[in-house]
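What follows is one structure encoded as structure tokens, with my remarks underneath.
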Amino acid sequence: MRQFLLVPAAIASLAAASSGQASADQFHDAHGPSLFWAAGGKIDATSLDWLPDPDTGTVLHWDAFAWAGTDDLKLRLEAEGEAHDGDIEESTLKTLLSFNVDEFWDVQAGLRFDIEEGGRTWAALGLHGLSPYFVETDAFLFLDGDGNAALEIAYEMDFALTQDMFLQPHVKLEAYAQEIETLEVAEGIAALELGLQLRYEITRKFAPYVELVWERDLGETSQLRQSEGEDVENTTLRFGLRFRL
């Protein structure tokens with residue numbers, strides 16, 4: 001008799017669960033998709049005094065972001081740049097719409113502004129996400145008003161040494177479809193950057209780090225800058241902080 005009484009009880013429980021799920025779905029539909037936001041970045045500094053080259057002083061680098069939106073559509077802002085002894089030498093701002101097209105991939109489209117002498121505005125179209133083995137990938141195509149095209153590809157990956165310490169190698173490649181005199185770049189692959197960062201996460205939102213970065217101009221861009229008496233290879237040791245809000 002007791003077993004027969006359990007059957008109606010089980011049916012009643014399933015009905016209640018179904019009703020609860022329906023109520024949750026109705027609530028979600030009534031209020032629409034949830035809005036989220038995040039912000040963060042990294043800032044570091046390096047001294048040029050120890051390098052065997054005429055340059056001296058301190059170089060500051062920054063790379064920050066902020067976004068707001070839903071799981072499917074976000075407005076994203078990015079800012080990065082470099083200053084030498086307080087004088088800004090490079091500064092870039094991107095404003096992008098990010099469309100989720102797969103569980104691990106977003107298509108991003110918008111504008112990039114190079115804030116420097118003369119300035120330059122590019123249309124931007126890119127792909128951001130995780131490749132196999134959780135390699136974070138950014139691939140962007142840029143096109144300016146004069147028809148110049150540029151390609152930028154970057155990869156980075158985290159290796160956990162302990163629960164709090166991570167080793168992150170990264171690589172970035174730049175290429176141009178034609179020579180751009182004002183940027184001192186030539187057609188073809190123009191620059192390569194390799195880096196290795198060691199960081200300690202005091203919390204998930206606060207992590208000091210040390211990073212070794214090697215940069216090299218390539219191809220005709222290297223020849224062009226060498227003819228102007230510029231350095232085409234640079235290695236720096238940087239000390240910085242990563243943060244998230």
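The residues packed around ARG112, meaning those with a beta-carbon under 11 Å from its beta-carbon, carry a net charge of -3 if Lys and Arg are +1 and Asp and Glu are -1. With a 1.4 Å probe and all protein chains left in place, how much of the accessible area of the range 167-245 comes from carbon and sulfur atoms, in whole percent? With neighbouring chains kept in place, the figure for the range 167-245 is 56 percent. When the chymotrypsin sites (Phe, Trp or Tyr not before Pro) in the range 212-243 are filtered for DSSP coil states and for at most 16 other beta-carbon atoms within 10 Å of their beta-carbon, no site remains.
Taking Cα centroids, how far is the range 145-202 from the range 34-80 in Å? With the range 145-202 and the range 34-80 each reduced to a Cα centre, they are spaced 13 Å. Shown in residue order for the range 146-159 are the 3J(HN,Hα) couplings computed by the Karplus curve 6.51 cos²θ - 1.76 cosθ + 1.60 at θ = phi - 60°: 8, x, 6, 10, 9, 10, 9, 10, 9, 10, 8, 8, 9, 10 Hz (x for Gly and Pro). Across the range 47-92, C-alpha contacts under 8 Å between residues 6 or more apart give a mean separation that, scaled by the residue count, equals a relative contact order of 30 percent. ARG244 sits among other residues whose Cβ lies under 14 Å from its own Cβ, and their net charge, with Lys and Arg +1 and Asp and Glu -1, is +3. Potential lengthening of the chain between PHE99 and TRP50 amounts to 13.2 nm, from the contour at 0.36 nm per residue minus the alpha-carbon distance.
The values are calculated or read from the model by the stated rules, or taken from the named source; none is laboratory data. This is a predicted model, so every value here is computed, not measured. Cβ atoms come from the backbone with ideal geometry, glycine included; neighbour counts cover every protein chain shown. Side chains are part of the model used for accessible areas, which takes the heavy atoms of the whole protein and leaves out ligands, DNA and RNA. Shrake-Rupley method; radii C 1.70, N 1.55, O 1.52, S 1.80 Å.
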